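Accompanying notes for the structure given below.
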Amino acid sequence: MTIILDKQQLQLTILRLAHQLAENHVDLNDIVFIGLQPRGVPVSKLVVENIQQLFPNEKVKYGVLDITFYRDDVRSELHKANTTDIPFSVEGKHVVLIDDVLYTGRTIRAALDALQDFGRPKKVELCVLVDRRFNRELPIQPDYFGKAIDTLGSQKVKVEWDKEEVILY
């Protein structure tokens with residue numbers, strides 16, 4: 001077990017991601033942030049909270065997206081859906097999808113499919129806390145990432161929110 005980001009590094013990384021997004025999107029009228037259920041929601045909430053602090057007089061549009069029924073993997077257990085809460089149209093908007101760890105790219109592919117049910121975005125960007133660079137099965141890359149790491153396929157990366165750290169097993 002290796003700690004990739006400790007509590008202080010995790011907080012700084014989330015703050016840096018928020019600043020990078022704010023730097024590239026100074027007008028919040030046409031941008032929406034969407035956290036991917038379930039593991040992308042905690043990181044997306046923190047990123048959006050930081051962006052809201054940077055723009056206290058503007059409303060940050062934020063939603064959460066469940067991709068359960070868009071996944072292409074076969075599981076032995078029954079799929080249990082999470083909540084989708086996108087109280088706005090993404091039609092013509094700039095969408096930033098936020099997740100915790102980018103691994104094979106299949107979750108993001110499913111998110112892109114699910115997102116189409118809410119309109120056709122003008123542009124979609126991807127923000128992840130951890131990018132496992134060399135394990136992609138699909139040609140998907142993050143536009144923003146907190147930490148890029150090289151891992152073996154047998155290793156696992158887990159964000160432990162109760163301990164506020166990211167661990168490599």
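Rule-based calculations on the coordinates, nothing more; no lab input. Note that the structure is a prediction, hence the values are computed from the model and not measured. Cβ: placed from backbone, ideal geometry, glycine included. Neighbour counts: every protein chain shown.
Taking every DSSP beta bridge that has both residues in the stretch 13-169, what percent is antiparallel when rounded to the nearest 5?
Working: 5 of 28 bridges.
Once the DSSP bridges in the stretch 13-169 are tallied, antiparallel ones form about 20 percent.
Report the antiparallel proportion of the DSSP beta bridges in the stretch 84-169 as a percent, rounded to a multiple of 5. Mind showing how you got there, number by number?
On the way: 4 of 17 bridges.
Of those bridges, close to 25 percent are antiparallel.
Using alpha carbon centroids, what distance separates the stretch 145-161 and the stretch 1-27, in Å?
Using only Cα atoms to place each centre, the spacing works out to 15 Å.
Would you report the distance distribution of C-alpha pairs in the stretch 94-169 as whole percents per 10 angstrom bin, up to the bin with the largest distance?
18, 49, 26, 7
Across the stretch 1-65, how large is the tail of the calculated P(r) beyond 14 Å, expressed as a percent of all Cα pairs? Could the numbers behind the result be given before it?
Working: 1228 of 2080 pairs.
Roughly 59 percent, once rounded to a whole number.
Of the cross-linked pairs LYS122/LYS147; LYS80/LYS156; LYS7/LYS158, which ones have a Cα-Cα span greater than 25 Å in the structure shown?
Details: LYS122/LYS147 27 Å; LYS80/LYS156 22 Å; LYS7/LYS158 14 Å.
Those over the limit are LYS122/LYS147.
At 222 nm, what helix-only mean residue ellipticity would the chain give, in deg cm²/dmol to the nearest 500, using -39500 (n - 2.57) for each DSSP H run of four or more?
On the way: 3 runs with 43 residues, N = 169.
After summing the helix terms and dividing by residue count, I get -8000 deg cm²/dmol.
Provide Rg and Dmax in Å for the chain, with only Cα atoms included in the calculation.
15.5, 48
Pull up all non-local amide H partners of THR151: gap of 5 or more, or a different chain, and H-to-H distance under 5 Å with H placed in the peptide plane.
ARG133, PHE134
Under 5 Å between amide hydrogens, which residues at least 5 positions from LYS156 or on another chain qualify, with H placed 1.01 Å from N in the peptide plane?
For LYS156, the qualifying residues are TYR169.
If I model a spin label at LYS80 and PHE134 as a point 7 Å from the Cα along the Cα→Cβ vector, what separation in nanometres do I get?
So the label points at LYS80 and PHE134 sit 3.6 nm apart.
For PHE69, PHE118, which order do you get if you count the other beta carbons within 10 Å of each Cβ and list the fewest first? Write down the numbers at each step before the final one.
Values: PHE69 10, PHE118 19.
Ascending number of Cβ neighbours within 10 Å: PHE69, PHE118.
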